[in-house]
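The values are calculated or read from the model by the stated rules, or taken from the named source; none is laboratory data. Because the structure is a prediction, the values reported are computed rather than measured. Glycine gets a Cβ as well: all are built from the backbone with ideal geometry, and neighbour counts include every protein chain shown. Remember, those area values only see protein heavy atoms, side chains included, never the ligands or the DNA or RNA. Shrake-Rupley method; radii C 1.70, N 1.55, O 1.52, S 1.80 Å.
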Amino acid sequence: MTSAETLLSKLPQDVLTLAQGVLDRSVTDFQQLCDRIADCSESELRILQPVFYMHLNPDRVPVKSTPATTTDIELARWSLAGIVTTLGNIDDHSEIQSLLVWNCIVPWLLFFHDQFIMCGANYRPVDRTPAIKLVTRYYANPLPPDRRVVGVSN
């Protein structure tokens with residue numbers, strides 16, 4: 001058993017099942033996990049953080065929204081939703097982590113902005129209103145002063 005599996009095994013069974021579905025690229029499980037995290041403890045949210053970030057690889061940001069990219073887009077959407085839901089509920093981000101995280105999040109935020117808010121996409125698996133809420137929640141929840149990254153304004 002890997003260290004990630006060991007940590008995940010500490011989650012309640014329903015959360016563990018959903019997290020395993022997310023690892024297998026299940027959009028439905030990711031949506032259900034995001035609905036469930038409001039009831040998670042701080043320690044459970046810490047365990048779940050890698051699950052929220054695993055689908056935010058900047059190399060997977062599509063040039064444009066197409067039916068072929070729908071799963072990646074939906075996984076990124078729920079990743080961002082899970083992260084923003086947990087902002088302020090856990091306190092273990094170093095400046096280095098914050099910079100690395102920001103480098104994963106920004107390309108996806110720009111994609112959602114360009115494709116769904118500014119209506120650049122002909123194919124929209126994400127409606128405009130949820131995209132606006134998602135992007136604005138990131139700007140409304142800047143990192144607290146002790147977690148700000150030098151050279152990055154909030």
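Side notes on the structure shown:
- Contacts under 8 angstrom Cβ, first residue in the stretch 102-126 being surrounded by 14 or more Cβ atoms within 10 Å (Cβ to Cβ), partner aromatic (F, W, Y) and outside any loop (DSSP other than H, G, I, E, B), 6 or more apart: C104/Y53; I105/Y138; L109/Y138; R124/F116; V126/F112; V126/F116
- Those residues of the stretch 12-69 which are outside any helix (DSSP H, G or I), surrounded by 13 or more Cβ atoms within 10 Å (Cβ to Cβ) and without any contact (Cβ under 8 Å) to a residue 24 or more places away in the chain, in sequence order: S26
- Count - residues of the stretch 70-80 that are open to solvent by 10 Å² or more (accessible area, probe 1.4 Å) and over 8 Å from the mean Cα position of the chain (by Cα): 4
- Residue that is modelled with the highest pLDDT [pool: residues in the stretch 113-141 that are of a type in the set (F, W, Y) and over 27 Å from E44 (Cβ atoms)]: F116
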